[in-house]
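Laboratory data are not the source of any read-out in this text; all were calculated from the coordinates shown. Nothing here was measured: the structure is a model prediction, and the numbers come from that model. All Cβ positions, even for glycine, are placed from backbone atoms using ideal geometry, and neighbour counts span all protein chains on display.
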Amino acid sequence: MTVHRIRLLGDPILRVQCDPVEDPRSAAVRVVADDLQETLRDLKARFGFGRGLAAPQIGVPMRLIYIETEEPEMEEPTILVNPEIVDAGRSDFLVWDDCFSIPDLLVRVQRSWKIEVRYRDLTGKEHEVEAEGGFSELLQHEIDHLDGVLMVDRPVGIDPFSHREEWNKHHGGERRLGKKFPRDASGVTPSLPGRF
């Protein structure tokens, strides 16, 4: 297992549409999975946070993400092979998103409140998981990485960017997740006041 450097905004690998994994049981997939786990654990030890990492963030254009969270739907550290969102629900919420590939920047984005994700594990077995709120945001964020989409591509509202230090200074005690609201038929957030 290897701890990799995190690829930062501007690295072309972060904009690649990743190829699907043909054989989840292959040695190459296992190596990348182990490296994702080792790298995330190193980041958590150094920075005190982190719940997920996508293969492009360590320089591998493979549809693979590693999640390590205490959510009841996924209590054990999990590798998701070829994850795809199969249902995005009918409600959205706003969240101040962050990313190891764009350190110290938070971006207000709009995400689906509840999603259903289909994926395979390292044995090739298919699974589905439902996620809400912060867990839903995490999965959407990591799956975006597999499609070359970053949080800076999804800003919402006026002044949607904040340096982490400034955000902590002005909002430190507040949650970064906004309230759930029904999705407008157009898919556009009609207004921001009261959503956070």
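What the table below lists for this structure:
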quantity: Whole-number percent relative contact order across the range 50-155, with pairs defined as alpha carbons under 8 Å at least 6 apart; calculated: 26 percent
quantity: Computed P(r) (all Cα pairs; the range 1-79; 5 Å bins; percent); calculated: 3, 16, 25, 25, 20, 10, 2, 0
quantity: Tilt relative to the chain, helix 27-47 - C-alpha long axis, 0 to 90 degrees, to 10; calculated: 40 degrees
quantity: Fewest-first sequence of 142, 130 by Cβ atoms within 10 Å of each Cβ; calculated: 130, 142
quantity: The chain - charge dipole about Cα centre, Lys and Arg +1 at Cβ, Asp and Glu -1, debye rounded to 20; calculated: 500 debye
quantity: Karplus-derived 3J(HN,Hα), 6.51/-1.76/1.60, for each residue of the range 49-54, Hz, glycine and proline x; calculated: 8, x, 10, x, 8, 10
quantity: Long-range lysine pairs (8 or more apart or interchain), the range 12-182, Cα under 27 Å; calculated: 7
quantity: Cβ-defined net charge surrounding residue 17, 14 Å radius [Lys, Arg +1; Asp, Glu -1]; calculated: -3
quantity: Full-extension gain in nm, residue 26 to residue 176, via 0.36 nm per residue minus C-alpha separation; calculated: 50.2 nm
quantity: Residue order, fewest to most surrounding Cβ atoms within 10 angstrom, among 152, 109; calculated: 152, 109
quantity: Relative contact order [Cα under 8 Å, 6+ residues apart], the chain, whole percent; calculated: 22 percent
quantity: Virtual spin-label span in nm between residue 163 and residue 130, 7 Å along Cα→Cβ; calculated: 4.3 nm
quantity: Between helix 133-146 and the chain: long-axis angle, C-alpha atoms, 0 to 90°, nearest 10; calculated: 60 degrees
